[in-house]
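Data block below; observations after.
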Ligand code: NAD
């Protein structure tokens, strides 16, 4: 049986024990993962620290950037391995891995290899009493060893989104993949070794969060900064760990995102967009839409169109081209999502479609499937409208005015993203400046330009990554003042 190893100091190594890797589509054991010990975490951090002082630290910006291009090219060469691994770890349809998640992971390396070469730093000519003046200029230095803590939804895309800029800036990393989805982080270790990234630059330690690898890594005194994607409550725990030694953090956290459709919207485009934003990746997308506000005149027609489209989603074997709907990640997560399904019903929701567990096929019956689900009829203070569910479901409510919908959309502790559908662009811009989120999509959803700022407001995150914003986190500016 395949064992996904840790990758420390340029070599694959076992761990203190092994834990199961289950395919969520079948519920079957597909392999084991080596559980890193505290000593392994120490070794990974020590290796990352010494790599900073060795060959890696001495590489020029151009050479680092070229290496990252080679990483991207080697991911493309091993495209099928990455697709297969991610498909089995997540249970999501192969087509999604092929068309979006793996190519975008490779693109992260190319993008940050380019960006890092094209960022100027500031300089000032400063007057002095003797009239000669002084020249101030800033140089960018890597922060050092970065701990990269990753979630299980689109694991390779989200991990490379952090690893690529961290390495582009000259840091070294110790990655902790989610315990649910370890395989592509290990494959990336093979890629790094193949293209000649020096040992210690990229390390992977596998394990759990609390009282395990996640905690040991984030509390480690030689980790200089922590970048984390995951749940808001986990972010709070990591922030506490980071306080010791005053380490910098960048957090991409949970959301309870609103979708807003005005009566003048292109209805069919809006239904297509909301279909993706609610059901892609079985609803396990931080940017997904769980609260929908539809302008009154089109409420009934929208609910009918969305539910008809969602009824056609086809769960099935992730390898099949026709499969466009996958399972939830784990039994535990399915229990959580089903508890929300029961809660909605108990609170008096009208179940438009779904609400339960589908029969997919005899072979897949032990997978972690739930039905795509749409509710109406709940009030704004209902639990399912306030807490992040992270499943394939949404609640739809009517609204009457711009002011009303802004207030209701903003009435949440989260602030990650929103998607707004209207043909009135003045209104769209007005709305965008009033909705309290890090990312607003107008007549679109998940349209990403990797150069733009990405991150959440309120409890959806701290800091921004993407483009030069990533460089702000992964480097430190040092000022040099020269008396002329
Ligand atoms: P999670 O917080 O449970 O786990 C994320 C990672 O943190 C895992 O690797 C886990 O092992 C580790 N971890 C858990 N406790 C830890 C601790 N005390 N110390 C150190 N590490 C710890 O999140 P998840 O369930 O894997 O992912 C789903 C969540 O991620 C959702 O809330 C979703 O909204 C969020 N998310 C946010 C974004 C974004 O960009 N804002 C993107 C994707 C996912």
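All of the numbers you see were taken from the coordinates with simple rules; none came from a lab. Please read these numbers as outputs of a predicted model, since none were measured by experiment. Methodologically, a virtual Cβ is constructed for each residue, glycine included, from the backbone with ideal geometry; neighbour enumeration extends over all protein chains shown.
Neighbour counting of Cβ atoms within 10 Å sorts the residues 141, 199, 162, 53, fewest neighbours leading, into 53, 141, 199, 162. The slack in the chain from residue 136 to residue 351, taken as 0.36 nm per residue of separation less the alpha-carbon distance, amounts to 71.0 nm. The length gained by stretching the chain between residue 272 and residue 407 to full extension, at 0.36 nm per residue less their Cα-Cα distance, is 46.1 nm.
Inter-label distance, residue 446 to residue 430: 3.1 nm, where each label sits 7 Å from its Cα along the C-beta direction. Contact order for the chain, expressed relative to its length and based on alpha carbon pairs under 8 Å spaced 6+ residues apart, stands at 19 percent.
As a proxy for reagent exposure, 393, 282 were ordered by neighbouring Cβ count within 10 angstrom, fewest first; the result is 393, 282. Cβ crowding within 10 Å ranks 175, 191 as 191, 175, fewest other Cβ atoms first. What is the distance, in nm, between label points placed 7 Å from the Cα along the Cα-to-Cβ direction at residue 244 and at residue 50? Here the answer is 2.4 nm between the modelled labels.
Restricting the calculation to alpha carbons of the stretch 128-241 gives Rg and Dmax of 17.6, 64 angstrom. When Rg and the Kirkwood Rh are both derived from Cα coordinates, the Rg/Rh ratio for the stretch 257-449 amounts to 0.96.
Here the stretch 202-223 and the stretch 164-178 have alpha carbon centers that stand 14 Å from each other.
DSSP finds beta bridges in the chain, and of those with both partners inside it, around 45 percent are antiparallel. Remark: the residue 482-residue 128 segment gains 126.3 nm on full extension, using 0.36 nm per residue and subtracting the alpha carbon distance.
When both the stretch 1-59 and the stretch 421-443 are represented by their alpha-carbon centers, they are found 43 Å apart. With helices as the sole contributors, the chain gives -11500 deg cm²/dmol at 222 nm; each DSSP H run of n ≥ 4 counts as -39500 (n - 2.57), and the sum is divided by every residue.
Given C-alpha coordinates of the chain, what is the ratio Rg to Rh with the Kirkwood estimate of Rh?
Rg divided by Rh gives 1.00.
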